[in-house]
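Engineer: Before we start, here is the structure in question, set down as C-alpha cells.
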C-alpha cells in the first residue's frame, strides 16, 4: 500500500495544501494590493497638502519676494508637510522645468528629475500625482499648478511635493517576511493538528473496521463505544444497531434451524413409522383410517413449512405481486374462518366474525386471506384450549381494519417487540417463526400495517388497509359464530 493510500496521510496532505494555498494567496495577491494602497494613500496626502499650500506659494511669488525668503518659505512648507518641496517655473511654451526657483532639499538633485507629474499638471491645469524617479530614487510626487501664465493663460509656476517610497517598500518587505514566518508556523501547526485530527478519525474508522470483521466472523459481542455525536458517532450508533439486529437475526436463524429440524424431523419420522406399520402389520380398518389421518396432518405440517419458506424467498426477491381491488374484509374473514372449523373443534375454541360498518379495503383478496389465516393459526397455536378467537372487520374514517383477537393469557413483554421478526417463536410451541413476519411484509406491500396490542387475558393483531371508498364509518354491528 502506497503512502497516499493511507487516509491519515491524505488528510494531512489536504490540510497542508489548503493552508499553503491560503498563505500563497495572501503573499502573492494581498501584499501587492497593500503596497498599491499605501502608495496611493501617500499620493492622496501629498495632493491634499499641495492644494493647501498653493495659496501661500502664489502669494509669495506674486509679491516677488527675494530668493532667500522664497527658499525659506519652501523649507518651512517642507517641514510642515514632511515632504520635499520643489518650486518650478514654466517656460513660455509650457515646457518644464524652465528653471528651479527653490527646493527644500538640494537644487542640484532637483534638476535631475523628469517631473512627469508637473507636465501633466501644466497640461491639465489641475493637480496630478504619480510615481517618479529622482536622482535614482523612487518617489511619490504630487504637482500643483500655481497662477496663470502670461502668454497662454496656463500656470506660471508648479509646486511639486514629493516623498521617498522607501518606507512603503520597507513596510511591505516587513509584511512579506512576517507572512512567510507566520505561514511557516501556520503550516507546521496545521500539519500537526491535521496529523492529530486525522489520527483520531482513522483510529475510530479502524475501530469500525475491526468491529465489522468481528461481525463478519459471527462475533456480535463487541459493540463500538459511542464517544461523540458527530457523523462518526452516528455511524457507530448505526453500526451497533445493525450489530444488534444481526445478532437477533443470527439467534433467530439458529432457532429456526432447530425449529425447522424439529418441524421436518417429527413428520418425516412419523410418516416413516406409519409406512413401516402399514408394510409390516395388517391394521384394522379403523387403525388404517387413524394412520392415514395422522399422515395427512404430518404432510400438512410439511406443506405449511414449505409454503412459508417459499413465500419468504419470494418476498426477499421482490417477486410477489399484489392486486389492488375492493375487498370486503368481513366476507373474506367469514370464508377464511370456515377453513378452521375442524382445527377449532379440536382445540375446543370458538371462532366468531364480527363487523361494524362496510369495511371495504383496497387490497389483494388472496393476500388478505393469507394474512387472516396466519393470524388465526397463530392464535390457535399459541393459546390454551378453549380460547375464543374473534375476527372483527371495522371501517374507520381513514382505514379499513381487520382485528384478530383472543382471550388467551397474552404475550410476554420481552417478546412483544420481536413477534414480527423472522424465525422468532415466543414460546415452545411448534412452528417456524415465519408466519407473522410474512404477514407484516404482505401488509406493507398493500400499503397497510399490522399492530399488536396485548395484555393479560387479551391479545389482538390489527391489520389496517387503505379504504376502497373513503367516507364516514357506519355504525351497524353484527356478530356471526363460525365454529
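Engineer: Does at least one position in the stretch 435-446 carry a residue that is outside any helix (DSSP H, G or I) and on the phi < 0 side of the Ramachandran plot?
Structural biologist: yes
Engineer: Please enumerate the residues belonging to the stretch 440-449 that are surrounded by fewer than 23 Cβ atoms within 10 Å (Cβ to Cβ) and in contact with a helix residue (DSSP H, G or I) (Cβ under 6 Å, 6 or more places away or on another chain).
Structural biologist: 441, 449
Engineer: Ok, one more. Pull out all pairs, ordered by first then second residue, where Cβ-Cβ is under 6 Å, the residues are six or more apart or on different chains, the first lies in the stretch 214-243 and is under 18 Å from residue 197 (Cα atoms), and the second is part of a helix (DSSP H, G or I).
Structural biologist: 226/233; 226/236; 226/237; 232/204
Engineer: Across the stretch 379-397, what is the number of residues that are crowded, with 18+ Cβ neighbours inside 10 Å and out of contact with any strand residue (DSSP E or B) (no Cβ under 8 Å at 6 or more places or on another chain)? I'd like the intermediate steps shown before the answer.
Structural biologist: Step one: filter the stretch 379-397 for residues crowded, with 18+ Cβ neighbours inside 10 Å, giving 379-380, 382-383, 387, 389-395.
Filter again for out of contact with any strand residue (DSSP E or B) (no Cβ under 8 Å at 6 or more places or on another chain), leaving 382.
Residues in the stretch 379-397 being crowded, with 18+ Cβ neighbours inside 10 Å and out of contact with any strand residue (DSSP E or B) (no Cβ under 8 Å at 6 or more places or on another chain): 1 in total.
Engineer: Considering every residue within the stretch 390-400, establish whether at least one is in a strand (DSSP E or B), under 27 Å from residue 324 (Cα atoms) and within 39 Å of the chain's Cα centre (by Cα).
Structural biologist: Start the filter on the stretch 390-400 by keeping residues that are in a strand (DSSP E or B), which leaves 390-395, 400.
Filter again for under 27 Å from residue 324 (Cα atoms), leaving 390-395, 400.
Subset that is within 39 Å of the chain's Cα centre (by Cα): 400.
Looking for residues that are in a strand (DSSP E or B), under 27 Å from residue 324 (Cα atoms) and within 39 Å of the chain's Cα centre (by Cα), one finds at least one in the stretch 390-400, hence yes.
Engineer: Return the only residue of 229, 238 being modelled with pLDDT of 70 or more and more than 28 Å from residue 425 (Cα to Cα). Don't jump to the end; show me each part of the working.
Structural biologist: Numbers: 238 fails: more than 28 Å from residue 425 (Cα to Cα).
Of the residues listed, the single one that is modelled with pLDDT of 70 or more and more than 28 Å from residue 425 (Cα to Cα) is 229.
Engineer: Would you call residue 190 surrounded by fewer than 17 Cβ atoms within 10 Å (Cβ to Cβ), within 24 Å of residue 19 (Cα to Cα) and under 60 Å from the mean Cα position of the chain (by Cα)? Steps first, answer last, please.
Structural biologist: Working: surrounded by fewer than 17 Cβ atoms within 10 Å (Cβ to Cβ): no; within 24 Å of residue 19 (Cα to Cα): yes; under 60 Å from the mean Cα position of the chain (by Cα): yes.
It is false that residue 190 is surrounded by fewer than 17 Cβ atoms within 10 Å (Cβ to Cβ), within 24 Å of residue 19 (Cα to Cα) and under 60 Å from the mean Cα position of the chain (by Cα).
Engineer: Please go through (1) surrounded by fewer than 21 Cβ atoms within 10 Å (Cβ to Cβ); (2) over 41 Å from the mean Cα position of the chain (by Cα); (3) outside any helix (DSSP H, G or I) for residue 452 and return the number of the only condition it doesn't satisfy.
Structural biologist: Condition not satisfied by residue 452: (2).
Engineer: Okay, next question. Taking only the stretch 171-181 into account, find how many residues are surrounded by 12 or more Cβ atoms within 10 Å (Cβ to Cβ) and without any contact (Cβ under 8 Å) to a residue 60 or more places away in the chain.
Structural biologist: The number of residues fulfilling the criteria is 1.
Engineer: Considering every residue within the stretch 141-151, establish whether at least one is over 20 Å from residue 87 (Cα atoms) and surrounded by 12 or more Cβ atoms within 10 Å (Cβ to Cβ). Before you say what the answer is, go through the steps one by one.
Structural biologist: Residues of the stretch 141-151 over 20 Å from residue 87 (Cα atoms): none.
Looking through the stretch 141-151, none of the residues is over 20 Å from residue 87 (Cα atoms) and surrounded by 12 or more Cβ atoms within 10 Å (Cβ to Cβ).
Engineer: Might you check whether a residue that is more than 60 Å from the chain's Cα centre (by Cα), at pLDDT below 80 and buried (at least 21 other Cβ atoms within 10 Å of the Cβ) occurs anywhere in the stretch 154-169? Lay out the reasoning, then the answer.
Structural biologist: First pass over the stretch 154-169, keeping only residues more than 60 Å from the chain's Cα centre (by Cα): 154-162.
Okay, now just the ones that are also at pLDDT below 80, so 154-155.
Of the ones still in play, those that are also buried (at least 21 other Cβ atoms within 10 Å of the Cβ) are 155.
Yes, the stretch 154-169 contains a residue that is more than 60 Å from the chain's Cα centre (by Cα), at pLDDT below 80 and buried (at least 21 other Cβ atoms within 10 Å of the Cβ).
The values are calculated or read from the model by the stated rules, or taken from the named source; none is laboratory data. These figures come from a predicted structure and were not determined experimentally. Don't worry about glycine lacking a Cβ; one is built from the backbone with ideal geometry, like all the others, and counts go over all protein chains shown.
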